[in-house]
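Reading through the structure tokens given below for one structure.
The values are calculated or read from the model by the stated rules, or taken from the named source; none is laboratory data. A quick note: this is a predicted structure, and the numbers were derived from the prediction, not measured. Quick reminder, even Gly has a Cβ in these numbers, built from the backbone with ideal geometry, and neighbours come from all protein chains shown.
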Amino acid sequence: MDAFTYTDIFDTKGMEYLVVIAFLLILIPVWLWISKPVEVTSKLIRSMNGLSAAILNIPRGLFYNKNHTWAYLEKGGEARVGVDDLLLHLTGGVSVDYVKKPGEKVSKGELIAMVTKDDRQLKIASPVSGEIRRLNEKLAQKEGLINLDPYGKGWMLKVKPENWKEETNGYKMDEEAVEWSKEELLRCKDFLATTAQHTTGGTAEVVLQAGGELTDFPLEEMPPEVWNKFQQEFLD
């Protein structure tokens with residue numbers, strides 16, 4: 001009968017295999033972290049910061065409409081149009097789907113684009129009337145790009161306005177816009193806290209931090225029906 005032979009893996013190639021396995025166990029989660037920088041960054045920011053008036057960006061010199069769009073008249077006579085920082089802090093990273101093309105006419109209050117997050121959308125209406133001159137096509141190509149700089153590189157489209165003075169007469173500017181944004185933030189807080197409680201299995205803690213402030217991007221995990229209600233309450 002052959003003698004039974006016991007081989008200690010630590011005296012053979014087994015040690016090398018264990019080192020390789022350990023290396024892979026470390027490498028895989030690191031690779032997953034690096035491969036999703038936008039998602040990870042978004043979650044980190046949301047976990048550290050609440051949505052308060054202090055973090056909102058409300059530049060002076062712009063005309064802010066109650067549907068959370070803004071317009072700015074350039075020296076050449078074209079008006080830049082976009083959505084405000086508060087709306088984007090509520091939705092999280094979105095892409096832009098245009099429903100108008102350059103050369104087409106648009107009326108104030110007419111649909112110009114949809115901001116989209118997976119299967120959820122919000123309708124964006126034009127704050128001014130006129131001829132559409134340019135679209136910022138980059139916003140449709142990458143989700144979250146508009147969130148990085150909504151008043152600069154994140155403008156949505158440019159319009160040659162027809163009735164600029166009349167149509168922007170009642171819009172908010174400067175300190176008035178800042179105060180209005182604070183009031184809108186409070187309205188959003190009440191709306192989302194109440195809505196979360198009535199969403200299937202939901203509680204106010206879904207959108208509120210321990211201190212009572214909204215979490216950043218509170219609409220991000222909400223179902224389509226909540227987005228629809230938000231549309232009716234704040235954008236229509």
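Yes/no per residue for (1) within 14 Å of the chain's Cα centre (by Cα); (2) assigned to a loop (DSSP other than H, G, I, E, B); (3) at pLDDT below 95; (4) farther than 25 Å from GLY92 by Cα:
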| site | (1), (2), (3), (4) |
| --- | --- |
| ALA140 | yes, no, yes, no |
| GLU143 | yes, yes, yes, no |
| ILE146 | yes, no, no, no |
| PRO150 | yes, yes, no, no |
| LYS158 | no, no, no, no |
| LYS165 | no, no, no, yes |
| GLU175 | no, no, no, yes |
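Identify all residues within the stretch 215-232 that are in a loop (DSSP other than H, G, I, E, B) and in contact (Cβ under 8 Å) with a residue 60 or more places away in the chain; write none if there are none.
Residues of the stretch 215-232 in a loop (DSSP other than H, G, I, E, B): 216-223.
Once the filter is applied, which keeps residues that are in a loop (DSSP other than H, G, I, E, B) and in contact (Cβ under 8 Å) with a residue 60 or more places away in the chain, the stretch 215-232 yields ASP216, PHE217, PRO218, LEU219, GLU220, MET222, PRO223.
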Query raised in the report: Give me the pairs: first residue in the stretch 87-103 and more than 17 Å from HIS68 (Cβ to Cβ) and outside the structural domain of ASN67 (by TED's automatic domain parsing), second residue crowded, with 19+ Cβ neighbours inside 10 Å and modelled with pLDDT under 95, beta-carbon distance under 8 Å, and six or more apart or on different chains, which are they?
Result: none
Requested in this report: Could you grab me the full set of residues in the stretch 73-82 that are in contact (Cβ under 8 Å) with a residue 40 or more places away in the chain and either touching a Leu at 6+ places or on another chain (Cβ under 9 Å) or of a type in the set (Lys, Arg) (or both)?
Outcome: ALA79, ARG80, VAL81, GLY82
Report summary line: When (1) closer than 11 Å to GLY82 by Cβ; (2) assigned to a strand (DSSP E or B); (3) within 15 Å of the chain's Cα centre (by Cα) are applied to ILE112, the one that fails is (3)
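Which is under 18 Å from MET222 (Cβ atoms) and part of a loop (DSSP other than H, G, I, E, B), of GLY93, GLY103? Reasoning before the result, please.
Numbers: GLY103 fails: under 18 Å from MET222 (Cβ atoms).
That would be GLY93, the only listed residue that is under 18 Å from MET222 (Cβ atoms) and part of a loop (DSSP other than H, G, I, E, B).
Name the residue that is surrounded by the fewest Cβ atoms within 10 Å (Cβ to Cβ), counting only residues in the stretch 225-236 that are over 21 Å from LYS108 (Cβ atoms) and over 15 Å from the mean Cα position of the chain (by Cα).
Among those that are over 21 Å from LYS108 (Cβ atoms) and over 15 Å from the mean Cα position of the chain (by Cα), it is GLU225.
When the residues of the stretch 155-173 are narrowed to those that are of a type in the set (Asp, Glu) and surrounded by fewer than 21 Cβ atoms within 10 Å (Cβ to Cβ), which ends up nearest to GLU104 (Cα to Cα)?
Step one: list which residues in the stretch 155-173 are of a type in the set (Asp, Glu), which gives 162, 166-167.
Filter once more, so that each one left must be surrounded by fewer than 21 Cβ atoms within 10 Å (Cβ to Cβ): 162, 166.
On the way: GLU162: 13, GLU166: 21 Å.
Checked the stretch 155-173; the qualifying residue nearest to GLU104 (Cα to Cα) is GLU162.
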Query raised in the report: Can you name every residue in the stretch 192-202 that is under 22 Å from the mean Cα position of the chain (by Cα) and at pLDDT below 70?
Result: THR199, GLY202
